[in-house]
Amino acid sequence: MRTEKLLLSSDGTKMFLGGKGASSATLPELLGVYPNPTKGEVYVTYQLPEGAEQGRLELRDLLGRPLLNKSLSGSGGIVDLSQGRLSPGTVVLMLYADDIYVAHTKLVVLR
């Protein structure tokens, strides 16, 4: 997994540098995943709330079992997940800022 750079422009759009894909979205989207559903690589975009000192990304299956727990650096960025580490099915991605839950989204992993 790699964390990439996130640039915030003055008009509130996000631009990501250094990854294999690019995306833009308007704030206040805190957590995103693309492509969704996926058959290959997965990119998770995150933006921590203003004033947050640390972040954490957690992946769980639909039964609530933890699949991944990753510390996040910086106020925002992209995490590149290899689909080979994820089994087919639906997983829930949860974003925490300073150990407080702030956002979640679902990811569908296809064969």
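Data table
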read-out: Close pairs from segment 94-111: first closer than 11 Å to Leu57 by Cα, partner surrounded by 13 or more Cβ atoms within 10 Å (Cβ to Cβ) and among the aromatic types (Phe, Trp, Tyr), Cβ under 8 Å, at least 6 apart; value: Leu95/Tyr46; Val102/Tyr96
read-out: Strands (runs of 3 or more DSSP E) wholly inside segment 1-69 that include at least 3 residues being at pLDDT 50 or above and open to solvent by less than 30 Å² (accessible area, probe 1.4 Å); value: 31-34, 42-47, 55-61
read-out: Hits in segment 93-103 - residues which are open to solvent by less than 30 Å² (accessible area, probe 1.4 Å) and farther than 15 Å from Glu53 by Cα; value: Leu93, Ala103
read-out: Any hit, segment 81-92, residues being in contact (Cβ under 8 Å) with a residue 60 or more places away in the chain and either touching a Pro at 6+ places or on another chain (Cβ under 8 Å) or over 17 Å from Gly40 (Cα atoms) (or both); value: no
read-out: Restricting segment 70-83 to residues that are among the polar types (S, T, N, Q) and under 14 Å from Leu107 (Cα atoms), the residue that is surrounded by the most Cβ atoms within 10 Å (Cβ to Cβ); value: Gln83
read-out: Looking only at segment 57-79, and only at residues there that are free of Cβ contacts under 8 Å to residues at least 60 places away in the same chain and under 10 Å from the mean Cα position of the chain (by Cα), the one that is nearest to Leu31 (Cα to Cα); value: Leu57
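The values are calculated or read from the model by the stated rules, or taken from the named source; none is laboratory data. Nothing here was measured: the structure is a model prediction, and the numbers come from that model. Glycine also receives a Cβ, built like all others from the backbone with ideal geometry; neighbour counts cover every protein chain displayed. With ligands, DNA and RNA removed, areas are computed over all heavy atoms of the protein, side chains included. Shrake-Rupley method; radii C 1.70, N 1.55, O 1.52, S 1.80 Å.
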